[in-house]
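Colleague: One structure follows; several queries about it will come next.
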Amino acid sequence: MKTKLHRLWRQVTADKKKFGILCTMAAVGLLLWGRLILLEEVPKIATADPNAQPQADASAGQPEGESTPEAAPVLPPLPVVQAALGEDLTLNLFAFRHNRYKPLPSDESERTGVQTPLTADDKEERKRELVEMARGLRLQSVIQGRTPAIVINGEVLRVGDSIEGFELVSFNDRSAKVTREGLTFLLKMLSSE
């Protein structure tokens with residue numbers, strides 16, 4: 001057993017750089033482990049020492065060896081404040097906290113599962129809105145290669161990605177097709193002439 005340990009020690013210490021990294025990682029691991037233990041045992045009561053008397057140092061700022069004949073001023077005692085923390089005060093670093101994240105936005109129809117039918121006027125109005133939104137999309141570049149992509153409004157997109165609610169369906173050298181709410185729009189690259 002002793003020879004196996006000796007051989008293992010020689011293998012570990014043979015490369016000084018790897019050994020240094022191993023020791024550093026072990027030290028960091030021990031510090032983090034200790035930190036986790038300390039955070040799990042949060043103190044339940046925090047109080048100041050009620051018997052401590054504040055004292056002013058009258059000789060502060062005086063050269064050494066010189067003393068002042070005046071007595072040090074006595075300050076009035078400060079009130080004692082005790083703070084009791086809650087009994088369920090624990091901190092689990094690995095617990096998911098829902099209150100730290102904003103919920104995804106959803107409209108009323110997704111929550112209730114009931115959609116109100118749109119009238120013909122509403123459909124036409126929505127179609128006009130989508131056309132105006134699609135006009136705001138600018139096809140700027142096409143990137144060829146192993147993973148082809150395009151640039152719309154400064155964002156690099158691949159098929160299936162979304163921009164401003166429009167999903168990229170397909171693209172070629174000079175155009176791209178995006179869809180939203182069942183409508184398909186063809187974006188063309190402007191010529192530089």
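FYI, it's all coordinate maths here, none of it is from the lab. Note that this is a predicted model, so its numbers are computed, not measured. With ideal geometry, Cβ positions are generated from the backbone for all residues, glycine too; neighbour counts draw on all protein chains shown.
Colleague: Based on the Cα gyration tensor of region 121-188, what are the three equivalent ellipsoid semi-axes, each the root of five times an eigenvalue, rounded to whole Å and given largest first?
Modeller: The three semi-axes for region 121-188 are 24, 11, 9 Å.
Colleague: Using θ = phi - 60° and the Karplus relation 6.51 cos²θ - 1.76 cosθ + 1.60, list the HN-Hα couplings for region 168-182 in order, rounded to whole Hz, with x at every Gly or Pro.
Modeller: 7, 9, 7, 7, 9, 4, 10, 8, 8, 10, 10, 10, 7, 6, x
Colleague: At a 10 Å Cβ-Cβ cut-off, how would you order 161, 122, fewest neighbours first?
Modeller: Placing the least packed residue first, the sequence is 122, 161.
Colleague: Just want the ordering: 133, 1, 25, 189, from fewest to most Cβ atoms lying within 10 Å of their own Cβ.
Modeller: Ordered by Cβ neighbours within 10 Å, fewest first: 1, 25, 133, 189.
Colleague: A further question follows. Which order do 171, 19, 166 fall in if you start with the one that has the fewest other Cβ atoms within 10 Å?
Modeller: The most exposed by this proxy come first: 19, 171, 166.
Colleague: Can you list residues from other chains, or at least 5 along the same chain, whose modelled amide H is less than 5 Å from the amide H of residue 166?
Modeller: Close amide H contacts, sequence-distant or interchain: none at all.
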